[in-house]
Structures are given as C-alpha cells and as structure tokens.
Amino acid sequence: MKSPVHLNALRAFEASARHGSFSGAAEELHVTAAAVGQLVRTLEEWLGAPLFNRAITGRSRLIATETALRALPDIKAGLDRLSLGLETLKVGGIRATLTVTVSPAFAAKWLLPRIHRFQARSPDMDVRLDTNLKLSDFVAQGIDVGVRYGAGDWPGLAAEKLMDEEVYPVCSPDLAKGFGSPRDLLGETLIHDLSVDRHAGFITWDQWLARAGAADVSASKRGLHINNSAAVLQAAMEGQGVALARSIMARDDIASGRLVRLFPGNTLPSSLSYYVVYRPESAALPRLLAFRDWLFEEASANVVDEREE
C-alpha cells in the first residue's frame, strides 16, 4: 500500500473494529464519524471485499467479518510498531516524556515520596502520572509503563514482579495501647479496604482474624468501609479504628510513627503482589528501561531497610 490514505484507512478500520462503531473510532482519532466511514469504505473498495457486516439496530452497529477478525491482530501489531518507531525518531531532539499509570493509593503512599530520586537521575525526562484504579488502555492513552497489584496476569502486557507484601492490622499510637492480642479487637471499629476486595485472593478481615486464632471476632458487617487504600490508612492514623493494612502502603507511616503495627508475631503474606507492566513491543524503549530499573532499585532498597528494622 503506497498511498498514505491506506495507512489512515487501516487506523480507521482497526479503531472501528475495536469500538464496534464509526463514532467511537472517530472520537479516538479526533475526526468525524463520516470521515472514518469514508476511510473504511475506501479500504473495502481497494480490497474488493467488505470488512464489516452493518447492523441496523443493536449496541454494536459494526460486526467485523471473519476475514477481518483474522487480519486484525497483525494490523494492530503493525500500527503499534509504527507508533514506537515514531517515538524512537522523536527521542533524538525532543525532551522525552514518560507516561506512567498507577493506582491513586500507590501513587500517594509509595511512588510520589520517591519520584524525586528518579527525576534527579533523569533530568532530561518529564514524567506524566496517570492515576487510575482500572488498568488503562496502553495504546489509546499513550501509556509507557505501569505498576499494578494482582496475580501478574494482564492480557497483552508483560508483567515483572516488583514487590511482595504482607497484610496486618495497624492503628494510631494512642489506640495501640489498648491491644494485647487479636481477640482484643472484639468490639473495636475495623476499617475495611474496598479498593482491593474485588481481587481474587486478597485477604479480608475475617480471614486474617481466623488465621490469628480469633475467628470468633466477626468483621463481616462491622466497621468503616473505604474504597481507597491511602484513605484507609489515613482513617487509622486519625484514630477512627484499626485498619487491615498492606505493608507496602503502610511502611513509611509505620517508620515515621504515624501508625503502629499490631501483633507483629502474626505474619500473613498476601497472595497478590506489585508488578511492573508494559507492552512487550515497548520493552526496549530507553525511557521505559530507565524507569523500570529505578523501580527495582527502590524496591530492593525497601527490602534491605525492612531487614535492618
């Protein structure tokens, strides 16, 4: 395909197939739906075959043909490679921008207190932080790299384990004086983290209490429920109850004395971990490699500090 119009047509076709409509593709490509439709028709005319079955009604008006569905993975991979090639061309004379996606809580409790060290060693790189609980569309949103919490399986992304963690109760220093054993939590306000309860394998209060030998201290329908891990810790710092904390999130607050870990003899590793995630085809990008290496250095430093404590 020598004509530039065919490259635009391929982009229009791929986006239309992903969104199931010309209007969805048009919003992503910043053109009109009519322009997208015309590009797709131009491609169909060049191929001599339809790419979509058009439905009159229904949620998805465009249904890709069987042949189109077989071709889509290669077309998408090709467009992704073209984007990376353009990024490589830009690196030579333009200040690099690294786009990172993390959860709001991870940004607040771990990344932002440390990011100045990365900026000091990479002064020619700008960092754009995308905070979102949901995993972003790396291609559509221009994401380079992310840190996500889970079991390590995100379709279409490479995932390298960054940090493991424990789950344990924490509270304010004043409140900590009243607890000798896990059974002393009976009648206490328990703070629940709703931002992670959807993940299979995340430890709940009832599970922690059962493992600590306090199964009779029921937590299912009692306490304060918050959908942000950083806010969970803030509520505990303010003495509003006892939180079931994730060690990576709580570590700095415990080190500073803002929080106290209760019952340190009761250890319960989480089955979930933090992972560095990125598109496999982006693995060799210099800015991604620089940030990835820095993340692993910081994570290793955390492990050393914890052992010294």
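In this structure, residue 242 does satisfy being within 19 Å of residue 186 (Cβ to Cβ) and modelled with pLDDT of 95 or more.
Scanning the stretch 12-58 for residues that are within 26 Å of the chain's Cα centre (by Cα) and in contact (Cβ under 8 Å) with a residue 60 or more places away in the chain yields 14, 28.
Scanning the stretch 281-309 for residues that are in a helix (DSSP H, G or I), at pLDDT below 90 and open to solvent by 30 Å² or more (accessible area, probe 1.4 Å) turns up 281, 286, 301, 303, 304, 305, 306, 307, 308.
Can you tell me which residues in the stretch 53-106 are at pLDDT below 65 and either among the β-branched types (Val, Ile, Thr) or in a strand (DSSP E or B) (or both)? The answer is 56, 57, 88, 91, 94. Within the stretch 208-230, the set of residues being free of Cβ contacts under 8 Å to residues at least 12 places away in the same chain and within 24 Å of residue 269 (Cβ to Cβ) comprises 210, 215. Tell me yes or no: at least one residue of the stretch 141-155 is exposed (fewer than 15 other Cβ atoms within 10 Å of the Cβ), acidic (Asp, Glu) and modelled with pLDDT under 90. No - not one qualifying residue is present in the stretch 141-155. Just to be sure, is residue 41 modelled with pLDDT of 85 or more and basic (Lys, Arg)? When the stated conditions are applied, residue 41 passes them. If the condition is being open to solvent by less than 60 Å² (accessible area, probe 1.4 Å) and in contact with a helix residue (DSSP H, G or I) (Cβ under 8 Å, 6 or more places away or on another chain), then the stretch 114-131 contributes 114, 118, 122, 125, 127.
The values are calculated or read from the model by the stated rules, or taken from the named source; none is laboratory data. What you see is a predicted model, and the numbers here were worked out from it, not measured in a lab. All Cβ positions, even for glycine, are placed from backbone atoms using ideal geometry, and neighbour counts span all protein chains on display. Protein only, heavy atoms only, side chains kept; ligands, DNA and RNA dropped before computing areas. Shrake-Rupley method; radii C 1.70, N 1.55, O 1.52, S 1.80 Å.
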